[in-house]
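J.: Pasting a structure here, questions to come.
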Amino acid sequence: MKRKLSIFLVSILLVGLFAGCSSDSKTSGNGKKDVDLRIWSFTDELKKPIKTFEEKNGVKVELTIVPIADYPTKLKPVLESGVGAPDVFTGEIAFLKQWVDAGYWENLSEKPYNADKLSDKYVPYVFDLGKDKNGDVRALSWQTTPGGIYYKRSIAKEVLGTDDPTQVGEMMSSMDKVFEVADKMKEKGYSMFPDEGAIRWFTQGDNPQPWVNDKNELQLTDEKMEYMDYSKKLRDNQYTALAPEWSPSWFEGMDKPIKVKEGGKEKETQVFSYVLPTWGLHSVLKTNVKESVGDWAVTSGPSPYFWGGTWLGVYNKSDNKELAYKFVKMMTQDDEFLTSWSKETGDVLSYLPVTETIKDDFSDKFLGGQNNYQFFLDQSTKITPGIVTKYDQQLDTLYGNAVQQYVTGKKSKKEAIKEFYQKAQNAYPDIKVPKK
Amino acid sequence: MKNLNRYGYFFIAPFWLVFLVFSIYPVALTFYYSFTNYTGSGEAQLVGLANYKRLLTDTYFVEAFFNTWKIWGVNFVLQMGLALILAMIFSDMRVKLKGIAFFRAIFYLPNLITISSVALLFGILLDWQHGSLNMMLMKLGLISDPINWLNEPTSAQLSISLILTWMWFGHSFIVVMAGVSGISKDYYEAALIDGANRWQTFSKITIPLLKPILLYIMITSLIGGLQLFDLPMLLTDGIGSPDGSLNTMVLYLYNQAFKYNNYGYAAAVAYGLFVITLIFSAFIFKGMYGKERKQPRQV
């Protein structure tokens, strides 16, 4: 009796212990029968396309959404082991370069995909980013995410005499010109940018170089160093509203005047412009602006840039590569689907055969009827491909940190750069850092 | 044959299985990685003691070590001071404060808020241009220009210390009170009759008898403090700004592993942290109990 009871209790304990694991494996085991395709992503963006795909092909697709902060850490072990892995998964620009080289994505340059043939159908920099170090295509993207400067028409008219995007863009076509505009803005009590971080996208100037070159050397171009001075100038001349990106005041400044305290005085100022990419319009401005709808426009800054973007590819150990690529194909090459998708969401596509036919009849009420589609497409073709490295995300942060030290007057330019070199070396012992 | 004890192993098996898989295995694996140049994907190559050599000469790790101590130290002194003062007031037989349960709950509340909410809250309170703290100080006329609290190394470290104090003094207070209630009332009554004042009662009766409790708080707080990570990570840019002053040891470890993909080196940092924690825990233990053994108690 005692013995039986013991065995019973022990088995309860053990069952309890493995309950978590077993129920998990059950669902994934069943999943193999019920679900034809499994997709992982970090936003719910793919929900609608998946529904279309299911209806078109009569299959069942399971979408797993993992928040971006956990996405790489959750996906990596799954891809390494192949257990419970997706057939298709997306990648964000922040870790894209690392992933295309890690070999998790199927080589799309090979048969039967032959993705190389598609090269001239895409915005060059977008297609280029999906290639690994050997030049093989690993991931494709349906969108392009170039940026511009969103500004308020009413302020432009008052201060600059025009609200026409082309003319305003012309007035900001170099950093010196930007400062001229900033000066005019200040005279009338407006702030050019929310804060000096806004111009970081123009650091490349007209000399775009990768952070780390082929010889594994860290490159801090003269243009990038000049950016330090530009930032300091913005701060010292009080051209900004001192509202750091993503801070509550940064959002507030989009719609109404914000208070700035400097030099013992408090003033109220309106922010003239925000430096944001394509998605900034839909998921930042439109969601935060209520009163000034229609008073906005977008134009180009001193140099073209892009910010963000999502790529997708087929997992190389997937059992269902054919269907997986079918989905990738629909997302990136299907004329009919992409046309309706683009019209619905306003997403700027990187697939040129579709954009050519739809770009002319776009207009956005938020931007006072401007055709932002055309504008962004023009911008995207001006972006130099091949300058993104796997180091970018972290080196940008470290450099931004150094710039901040200089702007706030904590360090001299030389000291700040020296510290940047030290920190870069510490983070990436393999790269060669100039000894200064 | 006596096999009475055999079932015992089955009973402890679940714990051991979990312990092996989720504790021993990662600890051992980390030890292995600390001798490699593992980058998070692909194969790990053995590099001998290179990571540990680097650790000993790494100025950023040393900086992180002192930052962690500064932030934890200030927090600990304030937190214990506050907890003890409150314990003294609430345990005073002459005052007999009412509503201790209520205050206990109030003091403990900050500890229940998730760190990310705390960070968000203080991020807004301490904001440079629009923070409530600066607005209040300016209204009172104490400062003419807003202070950028999280942009000055000293004030940023102090901010973290104070937030930690605010979060943890209630916890310490409860533990101290539990200890105090375990002390026999006889001592206090005797002290009262002998005419001891409050401070004498506190320093000669409460503190000595609380020694094991204080040791417990100190060690757990030290271990927690040396692992300080979440607040510095969330309050500024996550790499220790301003000027590296919020770069704590675990934050450094995290950045090396998950931002820079130097998993091998990060594993070495983890073991460095382990050794440091071990040494300091041993010190506290010795300091607290070592003396007692030398001087046998007089009855």
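J.: In deg cm²/dmol and to the nearest 500, what is the mean residue ellipticity at 222 nm of the protein assembly as shown if only DSSP H runs of at least 4 residues count, each as -39500 (n - 2.57), divided by the residue total?
T.: -16500 deg cm²/dmol
J.: Have a look at B:Ser132, B:Ala191, A:Leu220 and report the one farthest towards the positive end of the charge dipole of the protein assembly as shown, computed about the Cα centre with Cβ charges (Lys/Arg +1, Asp/Glu -1).
T.: B:Ala191
J.: Determine how many Å³ per residue the convex hull of the Cα atoms of segment B:55-294 encloses.
T.: So the per-residue hull volume is 158 Å³.
J.: Moving on to the next point. Rank these for me by crowding, A:Val293, B:Val176, B:Val118, going from fewest to most other beta carbons within 10 Å.
T.: So the residues, fewest neighbours to most, are A:Val293, B:Val118, B:Val176.
J.: Of the DSSP beta bridges with both residues in the protein assembly as shown, give the percent that are antiparallel, rounding to the nearest 5.
T.: Antiparallel bridges: around 70 percent, rounded to the nearest 5.
J.: With just the Cα atoms defining each centre, how far is segment A:269-302 from segment A:199-232? Give it in Å.
T.: Here the two parts' Cα centres lie 26 Å apart.
J.: Taking the Cα atoms of the protein assembly as shown, report the difference between the largest and smallest coordinate on each principal axis, in whole Å and largest first.
T.: 97, 79, 52
J.: In Å, the Kirkwood hydrodynamic radius of segment B:1-70 over pairs of distinct alpha carbons?
T.: Here the Kirkwood hydrodynamic radius works out to 15.9 Å.
J.: Across segment A:148-158, in residue order, what do the Karplus-derived ³J(HN,Hα) couplings come to in whole Hz, using 6.51 cos²θ - 1.76 cosθ + 1.60 with θ = phi - 60° and x for Gly and Pro?
T.: Taking θ as phi minus 60°, the curve returns x, 10, 8, 9, 8, 4, 4, 5, 4, 5, 5 Hz for segment A:148-158.
J.: Then there is this: From the square roots a ≥ b ≥ c of the eigenvalues of the alpha-carbon gyration tensor of chain A, which class results: rounded (a/c under 1.5), prolate (a/b over b/c), or oblate?
T.: Prolate, since a/c reaches 1.5 and a/b exceeds b/c.
J.: Can you count the Lys pairs in segment B:55-294 with C-alpha separation below 22 Å, eight or more apart or on different chains?
T.: Final tally of qualifying lysine pairs is 12.
J.: Using Stokes-Einstein with the Kirkwood hydrodynamic radius over Cα pairs, what translational diffusion coefficient do you get for segment A:247-390 at 25 °C and a viscosity of 0.890 mPa s, in µm²/s rounded to a whole number?
T.: Translational D for this selection: 136 µm²/s.
J.: Pairs of Cα atoms under 8 Å, at least six residues apart: use those to get the relative contact order of chain A, whole percent.
T.: 22 percent.
J.: Sticking with this one: What is the distance in Å between the Cα centres of segment A:146-163 and segment A:365-404?
T.: If you average the Cα positions of each part, the centres end up 19 Å apart.
J.: With 22 Å as the cut-off, how large is the P(r) tail for segment A:109-221, expressed as percent of Cα-Cα pairs?
T.: Considering segment A:109-221, 55 percent of its Cα-Cα pairs are separated by more than 22 Å.
J.: How big, on average over all directions, is the shadow cast by the Cα convex hull of segment A:58-105, in nm²?
T.: If I average the Cα hull's projected area over directions, I get 3.9 nm².
J.: Sticking with this structure for a sec: Enumerate the whole-percent occupancy of each 10 Å bin, from 0 to the last occupied one, for all C-alpha pair distances of segment A:223-318.
T.: Here the calculated profile for segment A:223-318 is 12, 36, 32, 13, 6, 2, 0.
J.: Continuing with this model, one more query. When a footprinting reagent is the concern and you count Cβ atoms within 10 Å, what order do B:Lys286, A:Lys111, A:Lys423 take, fewest first?
T.: Result, fewest neighbours first: A:Lys111, B:Lys286, A:Lys423.
J.: Starting from the Cα-Cα distance between B:Thr59 and B:Leu209, subtract it from 0.36 nm times their residue separation and give me the gain in nm to one decimal.
T.: Fully extending the segment from B:Thr59 to B:Leu209 adds 49.8 nm.
J.: Right, here's the next one. Taking only Cα atoms, what is the 0 to 90° angle, nearest 10, from helix A:392-407's long axis to the longest principal axis of chain A?
T.: Compared with the principal axis, the helix lies near 30 degrees.
J.: Please report the spacing between the Cα centers of segment A:70-120 and segment B:128-189 in Å, no decimals.
T.: After rounding, the separation between the Cα centres reads 48 Å.
Computed from the coordinates by the stated procedures, all read-outs in this text should not be read as laboratory data. What you see is a predicted model; the values in this text were computed from it and never measured. So basically every Cβ, Gly included, is an ideal-geometry build from the backbone, and we count neighbours across all protein chains shown.
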